[in-house]
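The values are calculated or read from the model by the stated rules, or taken from the named source; none is laboratory data. Bear in mind that the values here come from a model prediction, so they are computed numbers and not experimental data. Cβ coordinates were reconstructed from backbone atoms using ideal geometry, including for glycine residues, and neighbour counts include every protein chain displayed. Ligands, DNA and RNA are excluded from the accessible area calculation, which covers all protein heavy atoms including side chains. Shrake-Rupley method; radii C 1.70, N 1.55, O 1.52, S 1.80 Å.
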Amino acid sequence: VSSDGRYLLVAVQRPYSGETVAATGLPVLHTRIARYDLDLNKWDAFFYPLEPSTFTIGLSEIVLVGTTRTGHDVYAVIERDNQLSANGLIKRVYTFTLDGLAPQDIATPVSATSVVGSTVTKRLLRDVQPQFAPYEKVEGLAVTWGGDLWVALDNDGGEFESRMVRYRGILR
């Protein structure tokens, strides 16, 4: 939920089927940060560029982690692959704002023109892969009042251990 309580944000796990945009000759996959306006009862979205990989990359949890000096909300999101052990390379927490971005209708297809001005700029907050190897999907995120970041791995019905890791003072 946004700091003003007006918007509900959702990390759409994966790109819509068949969507890619060529950037520097390589296809770039985008998923969406969907936003529901609680006052207008309307969905819109912003594009989120995923890390290039030969494996499936997706988003998990999204949380509000603070505001910028100019008062814009800062969100954190988990971006991760779906691989185990040595193949599992992307398990990261990124931050972003929606400051200055133009929302798109949630059904707008990814294209070279639709992503311009509507794509978040993500900043790496923490690579959590070392603490979560050899497991597959990091899926939970929480922030404490003191600025600690908690990252969690569920156990997919008991197949693996559950794990929570605390990163102290990362958001101060």
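Structural remarks
- Cα-centred dipole magnitude for the range 23-172, charges only on beta-carbon of K, R (+1) and D, E (-1), debye, nearest 20: 520
- With a Förster radius of 25 Å applied to the beta-carbon distance between residue 85 and residue 144, the computed FRET efficiency rounds to 0.20.
- Relative contact order for the chain: 17 percent, from Cα pairs under 8 Å spaced at least 6 residues apart, divided by residue count.
- In the full protein context, the range 28-172 carries 50 Å² of accessible surface per residue, based on a 1.4 Å probe and ignoring ligands, DNA and RNA.
- For the pair residue 69 and residue 124, the difference between a 0.36 nm per residue extended length and the Cα-Cα distance amounts to 17.9 nm.
- Highest to lowest packing among 78-84, 147-153, scored as the average C-beta count within 10 Å: 78-84, 147-153
- For the pair residue 10 and residue 160, the difference between a 0.36 nm per residue extended length and the Cα-Cα distance amounts to 51.4 nm.
- Accessible carbon and sulfur surface of the range 51-160 relative to its total accessible area, %, 1.4 Å: 53
- Contact order, relative form, for the range 83-172: 27 percent (alpha carbon pairs under 8 Å, 6 or more residues apart, mean separation divided by residue count).
- Counting only lysines at least 8 places from residue 137 when in the same chain, those with an alpha carbon closer than 28 Å to its own are 91, 122.
- Whole-Å distance, taken between Cα centres, linking the range 31-80 and the range 119-151: 14
- Label separation (residue 133 vs residue 41): 5.1 nm, computed from points 7 Å beyond Cα along the C-beta direction.
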